[in-house]
Amino acid sequence: QVQLVEFGGGLVQTGGSLRLSCAASGSIFWINMMGWYRQAPGNQRELVAVISSGGSTNYADSVKGRFTISRDNAKNTVNLQMNSLKPEDTAVYYCYAKRGSSDSWGQGTQVTVSS
């Protein structure tokens, strides 16, 4: 059982930056993948960025070049540095972890980018 807690959501102006962090606890061994998804009202949940235990990354096309995902295996944390934020980035962001075949989700943190 993995518990995920997110930090760092908030309100930022267009073009600004925000950093999200997620701390994992519980059954933290053998977490294969961690990352971030987001969901705006009325929209499907979409992948933002993921990072494997080995450090390989994948990003949504819409955030490539603006967002950077990183993880600290020793601290069991995953971070998302968001730069050049746009109103389209406004959503609830959810931390994600895959441990074996099981998925875990954080409670979500609101990111609002003012226009």
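Criterion first (closer than 30 Å to Thr14 by Cβ, of a type outside the set (Val, Ile, Thr) and either in contact with a strand residue (DSSP E or B) (Cβ under 9 Å, 6 or more places away or on another chain) or touching a residue at least 60 places away in the same chain (Cβ under 8 Å) (or both)) does Asp61 satisfy it? No.
The listed residues are Gly100, Gly55, Gly9, and the only one of them that is in contact (Cβ under 8 Å) with a residue 40 or more places away in the chain and more than 12 Å from the chain's Cα centre (by Cα) turns out to be Gly100. In the condition set (1) at pLDDT 95 or above; (2) out of contact with any Phe, Trp or Tyr (no Cβ under 6 Å at 6 or more places or on another chain), Met82 is compliant with all but (2). Scanning the stretch 99-110 for residues that are assigned to a strand (DSSP E or B) and buried (at least 18 other Cβ atoms within 10 Å of the Cβ) turns up Arg99, Ser104, Thr109. Candidates are the residues of the stretch 62-79 that are over 11 Å from the mean Cα position of the chain (by Cα) and farther than 17 Å from Val113 by Cβ; the one that is modelled with the lowest pLDDT is Asn73.
The number of residues in the stretch 79-97 being in contact with a Leu (Cβ under 9 Å, 6 or more places away or on another chain), among the aliphatic types (A, V, I, L, M) and closer than 15 Å to Gly108 by Cβ comes to 2.
The values are calculated or read from the model by the stated rules, or taken from the named source; none is laboratory data. The shown structure was predicted, so the numbers you read here are calculated from the model rather than taken from an experiment. Cβ: placed from backbone, ideal geometry, glycine included. Neighbour counts: every protein chain shown.
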